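K.L.:
The structure that follows is given in the form of structure tokens.
FYI, it's all coordinate maths here, none of it is from the lab. Values in this document were obtained by computation on a predicted structure and should not be read as measured data. As a convention, Cβ positions derive from the backbone with ideal geometry for all residues, glycine included, and neighbour counts pool all protein chains shown.
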Amino acid sequence: MTNVPLLDLGPQNRALETQFEAAFRDVLRSNMFIMGPRLEAFEKDCAAFLGVKHALGVSSGTDALLLALMALGIGEGDEVLLPSFTFFATAGSVSRLGATPVWVDVNPHHFNIDLADAARKVGPRTAAIMPVHLFGQSSDLDALQAFASAHQIRVIEDAAQSMGARWKGRATMSSGDFGATSFFPSKNLGGMGDSGLVTTQDDALAERARILRVHGMQPKYYHREVGANFRMDPLQAALLHLKLPHLPVSYTHLRAHETVL
Ligand SMILES: *Cc1c(COP(=O)(O)O)cnc(C)c1O
């Protein structure tokens with residue numbers, strides 16, 4: 001019997017080994033181990049790749065979701081629509097803030113959120129919808145936006161499995177109030193540890209997320225609200241920055257699926 005590994009990260013990481021070693025040495029000699037220019041350079045290129053105004057490196061995909069919800073002020077008394085078929089973190093981040101996850105069925109053909117069912121679950125306490133672009137497939141971003149504006153709710157795109165996926169040319173993470181992705185080693189862009197990314201097109205929301213990422217601190221040692229430590233390491237950023245150009249842009253075939261249905 002042959003053991004076929006579910007995922008072998010060896011080939012993609014070995015190909016860049018020399019560059020990774022150089023990046024490590026560079027960070028080591030810089031003596032800057034928290035945020036700084038290496039993280040900012042990575043964020044800038046992520047933003048360009050995704051076509052978003054703001055991209056913030058954070059500690060994990062889970063923290064990316066949590067930070068987005070916090071920046072939107074979602075908490076106790078709020079309901080958040082999310083698919084019943086996803087990784088735990090989507091609902092976990094909602095519950096952690098005292099808000100209530102409301103389960104929405106998924107479409108049996110592509111497993112992304114079914115907006116017809118979302119329409120049955122939306123109510124006066126619904127604050128947001130969190131579509132999960134599962135298995136590298138973008139949801140219908142136009143339909144999502146139409147749904148959100150009709151019901152005046154926020155959109156947080158869980159793109160932990162879909163960085164690089166597009167809907168009619170638009171990247172996931174570029175049309176919601178916030179996008180969130182994960183650089184967990186097995187994800188589309190896999191790091192060498194935990195980290196994630198939050199994106200937004202909105203200046204004010206970006207600023208709020210930026211402050212909450214560092215304990216709600218601004219200026220230094222002044223805290224008007226409680227955030228957390230959601231920072232991403234510059235070492236992780238430097239390593240991921242080398243892999244970013246190799247992330248192929250995948251176009252979703254969701255529309256083709258829809259015509260088959
Ligand atoms: C992986 C994943 C997350 C969480 O990301 P982490 O970086 O592991 O915290 C959230 N949502 C989905 C759909 C995921 O697949």
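K.L.:
Take the chain, connect every pair of alpha-carbon atoms lying under 10 Å apart with a spring to form a Gaussian network, then pick out the residue of ASP45, ASP203, ASP158 with the largest mean-square fluctuation.
P.N.:
Judging by the Gaussian network model, the answer is ASP203.
K.L.:
Take the alpha-carbon centre of segment 160-186, take the same for segment 197-231, and report the distance between them in whole Å.
P.N.:
21 Å
K.L.:
Determine the distance separating the Cα centre of segment 1-30 from the Cα centre of segment 69-137; give it in Å without decimals.
P.N.:
Cα centres, segment 1-30 to segment 69-137: 35 Å.
K.L.:
So which residue, out of LEU97, LEU28, LEU115, gets the largest mean-square fluctuation from a GNM of the chain using Cα contacts under 10 Å as springs?
P.N.:
Answer for the Gaussian network model of the chain: LEU28.
K.L.:
Along Cα→Cβ, 7 Å out, is where each label goes; now give me the distance between the ones at LEU97 and VAL226 in nm to one decimal.
P.N.:
Modelled inter-label distance: 1.5 nm.
K.L.:
Another question about this same structure. List the lysines whose alpha-carbon lies under 16 Å from that of LYS53, not counting same-chain residues fewer than 8 positions away?
P.N.:
Candidates past the 8-residue exclusion: LYS44.
K.L.:
Okay, moving on. Mind listing which trypsin sites (Lys or Arg not before Pro) in segment 138-205 are in a DSSP loop and have 12 or fewer other Cβ atoms within 10 Å?
P.N.:
Qualifying residues, ordered by number: LYS168.
K.L.:
Sticking with this structure for a sec: Calculate one ³J(HN,Hα) per residue across segment 50-57 by plugging θ = phi - 60° into the Karplus curve 6.51 cos²θ - 1.76 cosθ + 1.60, and present them in order as whole Hz with x for glycine and proline.
P.N.:
3J(HN,Hα) across segment 50-57, in whole Hz: 8, x, 10, 7, 10, 9, 10, x.
K.L.:
Also: Quick one: among ALA23, ALA128, ALA68, which has the greatest mean-square fluctuation in a GNM of the chain with alpha-carbon springs under 10 angstrom?
P.N.:
ALA23
K.L.:
Once you have a ≥ b ≥ c as the square roots of the Cα gyration tensor eigenvalues for segment 179-225, tell me rounded if a/c is under 1.5, and otherwise prolate or oblate according to whether a/b is larger than b/c.
P.N.:
Oblate is the answer for segment 179-225, as a/c is 1.5 or above yet b/c matches or exceeds a/b.
K.L.:
Sticking with this one: So, R0 is 51 Å and r is the distance between the beta-carbons of HIS151 and ARG25; what FRET efficiency does that work out to, to 0.05?
P.N.:
0.50
K.L.:
Tell me, ILE153, ILE34, ILE129 in order of fewest to most beta-carbon neighbours within 10 Å?
P.N.:
ILE34, ILE153, ILE129
K.L.:
Right, something else. Quote the relative contact order of the chain in percent (integer), defining contacts as alpha-carbon pairs under 8 Å separated by 6+ residues.
P.N.:
Relative CO of the chain lands at 25 percent.
K.L.:
Can you work out the Karplus-derived ³J(HN,Hα) for every residue in segment 214-223? Use 6.51 cos²θ - 1.76 cosθ + 1.60 with θ = phi - 60°, whole Hz, and x for glycine or proline.
P.N.:
Running phi through 6.51 cos²θ - 1.76 cosθ + 1.60 with θ = phi - 60° gives 10, 6, x, 9, 5, x, 3, 6, 10, 10 Hz.
K.L.:
Next question, about the same structure. Of PRO83, PRO37, LEU189, which is farthest on the positive side of the dipole of the chain, counting Cα position, with +1 on Lys and Arg Cβ, -1 on Asp and Glu Cβ, and the Cα centre as origin?
P.N.:
My answer, from the dipole projection, is PRO37.
K.L.:
Looking at segment 30-105, which chymotrypsin sites (Phe, Trp or Tyr not before Pro) are DSSP coil and have at most 12 other C-beta atoms within 10 Å of their C-beta?
P.N.:
The qualifying sites are PHE33.
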